[in-house]
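The structure appears below as structure tokens.
Where a number appears in this text, it was derived from the coordinates with a stated rule and is not lab data. The structure presented is a predicted model; accordingly, all values stated were derived computationally and were not measured. Methodologically, a virtual Cβ is constructed for each residue, glycine included, from the backbone with ideal geometry; neighbour enumeration extends over all protein chains shown.
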């Protein structure tokens, strides 16, 4: 017993010394944060944007680390997923292509539960892949189309619109505690939205579709779409920043 005490007591004293050291405490906190970090792939391409301001959306959070991955054609990120390192994907690309092999790998990631956040013009990211519309819950129509036998005009947009965003679900982890707020952004209209999505945000702005933010699941993945996100005015908006970071955490399974 005496020998055991002689071993344990110094160890406890050493631990106490570490805990009392500000440097050690800071490192312990940093290590704990690193263990919980969400690794995010941020996909862009096919559309101009302010890269520096946009990337600030993912900066300043202890639990999030990101890699900006511009795509030349659209689906290069999904060409080889053998050593896939990301917990969530943020899509901010537009009008790009994805090959059958890349589509298959994309679906494998969704089977594994990799989170998916789709922002603004990424509602039209892979228009050569109809299944993408089901994954996202929205289809942007570049050409005239038909709905129940009725001919419809293409989807549209309007820039620099001032409007109010309504929080439709104040209990969801992504929107919890948020209030309705005024906003300036580019709006989209005449898109096809899956009626089964769980609605988070709406607007009464006539130049926009009514439903502008939602969540859903596809296979084993959480999916969140936010219509907002055109330029630096939006990127800097505190409500939008909150929505984006919470969307990442929720889709990655780290926000309940």
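Go ahead and run the numbers for FRET between residue 219 and residue 37, Cβ-Cβ distance against an R0 of 25 Å, rounding to 0.05. Intermediate values should be presented prior to the final figure.
Working: r = 24 Å, r/R0 = 0.97.
Efficiency, rounded to the nearest 0.05: 0.55.
Mind checking the full-extension length gain between residue 50 and residue 65? Use 0.36 nm per residue of separation minus the Cα-Cα distance, one decimal, nm. Provide the component values of the computation, followed by the final result.
Details: separation 15, 0.36 × 15 = 5.40 nm, distance 1.97 nm.
Here the answer is 3.4 nm.
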Site residue 112, offset 7 angstrom along Cα→Cβ, radius 14 Å on amide nitrogen, limited to segment 62-77, gives 77
A student applying the Cα gyration tensor rule (rounded when a/c is under 1.5; otherwise prolate if a/b is larger than b/c, oblate if not) would label segment 177-228 oblate
Note: probe point = Cα of residue 166 + 7 Å toward Cβ; backbone nitrogen < 18 Å; residues of segment 199-234 passing the test are 199-215, 227-228
Each label sits 7 Å from Cα toward the beta-carbon; between residue 232 and residue 80 the label points are separated, in nm, by 3.7 nm
With R₀ set to 45 angstrom, the calculated FRET efficiency between the beta-carbons of residue 128 and residue 179, to the nearest 0.05, is 0.70
Rounded to the nearest Å, the spacing of the alpha-carbon centers of segment 81-155 and segment 211-250 is 15 Å
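Determine the percent antiparallel among the DSSP beta bridges restricted to the chain, to the nearest 5. Provide the component values of the computation, followed by the final result.
Details: 25 of 46 bridges.
For the chain, the DSSP antiparallel bridge percentage is about 55.
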Note to self: C-alpha centroids of segment 158-201 and segment 52-71 sit apart, in Å, by 22 Å
Fewest to most Cβ atoms within 10 Å: 188, 181 sort as 181, 188
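I'd like to know how segment 36-251 sits against the 2.2 N^0.38 Å rule of thumb: what's its Cα Rg over that expected value? Present the calculation step by step, with values, prior to reporting the outcome.
Values: Rg = 16.3 Å, N = 216, 2.2 N^0.38 = 17.0 Å.
This ratio for segment 36-251 stands at 0.96.
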By the Cα gyration tensor axes a ≥ b ≥ c (a/c under 1.5 gives rounded; else a/b larger than b/c gives prolate, otherwise oblate), the shape of segment 105-218 is oblate
A correct fewest-to-most ranking of 78, 142 by other Cβ atoms within 10 Å would be 142, 78
